[in-house]
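Asker: A single structure is presented below for examination.
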Amino acid sequence: MRRFLLLALTAASAHGKKAVIGFDIGTESVRAGLFDAQSGELLATKSHPHETRFPQPGYAEQSPSDWWAGMGEACRAVVQECADVDVVAICLAATSCTVVACGEDGAPLRDCLLWMDQRAAAESD
């Protein structure tokens, strides 16, 4: 992910207007908005969809690597659309409190369970 963001951000002009990229990682897509840091004006927006898998009834999973890829694609797209900006900050919002189990190297160990997954419903009753 860092590589995606760095590639996109280095494409931005160091002499342009200051801008902020906001990311919203939702259940259906990653959305990126590029905003003027002074006025808050929306300069560009891009959405990149990701898949929810339902391997069994009541299960709902997504791959964290799909989120990373979507962030990179959306970031690259908004920065390319407004090449005269200098990105000075990035902010992030995401749906609910999905846990991503990671190994020692920081890589996800498996797809994560979404807020709509019901496989533990019997234990919660």
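Asker: Do we find a residue being among the β-branched types (Val, Ile, Thr) and modelled with pLDDT of 95 or more anywhere in segment 36-45?
Answerer: yes
Asker: To continue, here is another question. I need the full set of residues from segment 36-93 which are of a type in the set (Val, Ile, Thr) and farther than 26 Å from residue 117 by Cβ, in order please.
Answerer: Result: 45, 78, 79, 85, 87, 88, 90.
Asker: If the Cβ limit is 9 Å and pairs must be 6+ apart or interchain, which residue in segment 106-123 that is within 8 Å of residue 60 (Cα to Cα) pairs with which residue that is assigned to a strand (DSSP E or B)?
Answerer: 113/61; 113/62; 114/61; 114/62; 117/61
Asker: Follow-up. Condition first: of a type outside the set (D, E, K, R) and either open to solvent by less than 50 Å² (accessible area, probe 1.4 Å) or assigned to a strand (DSSP E or B) (or both). Now tell me which residues in segment 105-116 satisfy that. Can you show your working first?
Answerer: Restricting attention to segment 105-116, the residues satisfying the condition of being of a type outside the set (D, E, K, R) are 106-109, 112-116.
Once the filter is applied, which keeps residues that are of a type outside the set (D, E, K, R) and either open to solvent by less than 50 Å² (accessible area, probe 1.4 Å) or assigned to a strand (DSSP E or B) (or both), segment 105-116 yields 106, 107, 108, 112, 113, 114.
Asker: I'd like the full set of residues that are touching a Phe, Trp or Tyr at 6+ places or on another chain (Cβ under 8 Å), touching a residue at least 60 places away in the same chain (Cβ under 8 Å) and surrounded by fewer than 16 Cβ atoms within 10 Å (Cβ to Cβ), limited to segment 45-104.
Answerer: Across segment 45-104, the qualifying residues are 90, 91, 92, 93, 95.
The values are calculated or read from the model by the stated rules, or taken from the named source; none is laboratory data. All values reported here derive from a predicted model rather than from experimental measurement. Positions of Cβ are generated from backbone atoms using ideal geometry, with glycine treated the same way; all protein chains shown enter the neighbour counts. Accessible surface is based on the protein model in full, side chains and every heavy atom, while ligands, DNA and RNA are left aside. Shrake-Rupley method; radii C 1.70, N 1.55, O 1.52, S 1.80 Å.
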